[in-house]
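These notes concern the structure reproduced below.
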Amino acid sequence: FFAGARGAKRGAPAMVFLDVIVNACCRRLLHREEYSFDEHADSFASSVIKVRGPAQYFALGFKDRNLEEKYLNFVATRGKGRNLLGLSAAFILVFLFWLSEVVWVRLMLENEDHPQVGFLWKWFVPKTVVLVDFALGVAALACLYKNVLPRLRKRCVFFIIGAVFLIYFACMAYNFSVSVYNSPFMIEDDRVTSHPSGWALRLWFYEFPPVLCSLAMDITVLLTLEIVSIFVVVFVVAIPLAKGAWATYEDENIITYAWQGVCVGKDPYCAFMLRWFAILPLV
C-alpha cells in the first residue's frame with residue numbers, strides 16, 4: 001500500500017512541532033482529499049501499474065490527512081531499531097559527559113576557596129536535567145514500541161524525539177551561554193584573549209555529538225533538518241553573537257595565538273589563513 005506513497009512523498013512529512021499544531025488543531029481544515037490508489041491506477045498491456053501520487057501540501061504532507069496519518073505510523077514503525085539505537089547512543093554520550101562532570105565538580109567542591117564554586121551548580125544542574133531527559137526519552141520510545149500504551153499511535157515517536165532534543169537544546173543553550181568562555185579548550189578565560197578555536201571545538205566535541213546521533217535515526221527528513229537547524233541557529237549564531245564569541249576571530253586575537261614566526265606583524269593574509277583553520281571545526 002505504501003510503496004507508491006513512499007515514492008510519491010519521500011522526505012516530505014511535516015516538522016514535528018509544526019505537525020503537532022497541524023494535526024491537533026487544523027486536521028479538518030487541511031483534509032481536502034479522500035485518496036484511493038485503486039481509483040488512480042491504470043493498467044497497461046505490460047501489466048505495469050502506474051499510480052498517480054496523492055495531492056500534497058508544501059511541507060505539511062498529504063491533503064488526505066488519513067493517508068498522512070497512516071504514512072507517518074508506517075515510517076515510525078519501520079524505524080524502530082534505528083530510532084531506539086540512535087536515542088540510546090545519544091543517552092550514552094550524555095551519560096559519559098555527565099560522569100566526567102561529576103568527577104570535576106567533586107574535585108572543585110573539595111576546594112572551598114575555589115572562586116567558582118557557585119558557578120559549578122549553574123554548570124552541573126542543566127547536565128543532570130539533560131541526562132534525565134534522554135533517559136526518559138529512551139524509556140518512552142521503548143514503551144511505545146512495545147505497545148505498553150496501545151492508545152498512542154506509533155507516529156508519536158517523532159513527538160518524543162523532537163521533545164527530547166528540544167529540552168536538550170534549552171538546557172545546553174543556558175549552559176553554553178553562561179560558560180562560553182570557560183571551555184576546557186580555552187587557554188584564557190578572558191573574552192578578549194580567548195583562544196579562537198576554543199568554543200568551536202567545545203561545540204564539536206561536547207554539544208554536537210548527541211545531535212549527530214539524530215542523523216542515524218529513521219525519522220522524517222524535515223525533523224532531522226529542524227533538529228540540526230535549531231542547533232546551528234542557537235549554538236553557532238545566536239549565543240556566540242550575543243556573547244561576543246565571534247570576536248575571538250578578529251585579526252589581533254588570531255595572530256596572538258599564532259605559532260611563533262608564522263605571522264610577521266599584523267599580516268592580514270596570515271590572519272585570514274589562521275582564521276580559516278580556527279573556524280574549520282564549525283564548517
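Rank Ile254, Ile92 by accessible area, highest first, at a 1.4 Å probe radius?
From most exposed to least exposed: Ile92, Ile254.
For the pairs Lys122/Lys243; Lys80/Lys122; Lys127/Lys243, note any where the Cα-Cα span goes beyond 24 Å.
Check vs 24 Å cut-off fails for Lys80/Lys122.
Take peptides 156-162, 174-180 and line them up by average Cβ neighbours within 10 Å, highest first, as a rough protection proxy.
156-162, 174-180
The values are calculated or read from the model by the stated rules, or taken from the named source; none is laboratory data. In this text, all values refer to a predicted model and were calculated from it rather than measured experimentally. Don't worry about glycine lacking a Cβ; one is built from the backbone with ideal geometry, like all the others, and counts go over all protein chains shown. Keep in mind that these areas ignore ligands, DNA and RNA; they rest on the heavy atoms of the full protein, side chains included. Shrake-Rupley method; radii C 1.70, N 1.55, O 1.52, S 1.80 Å.
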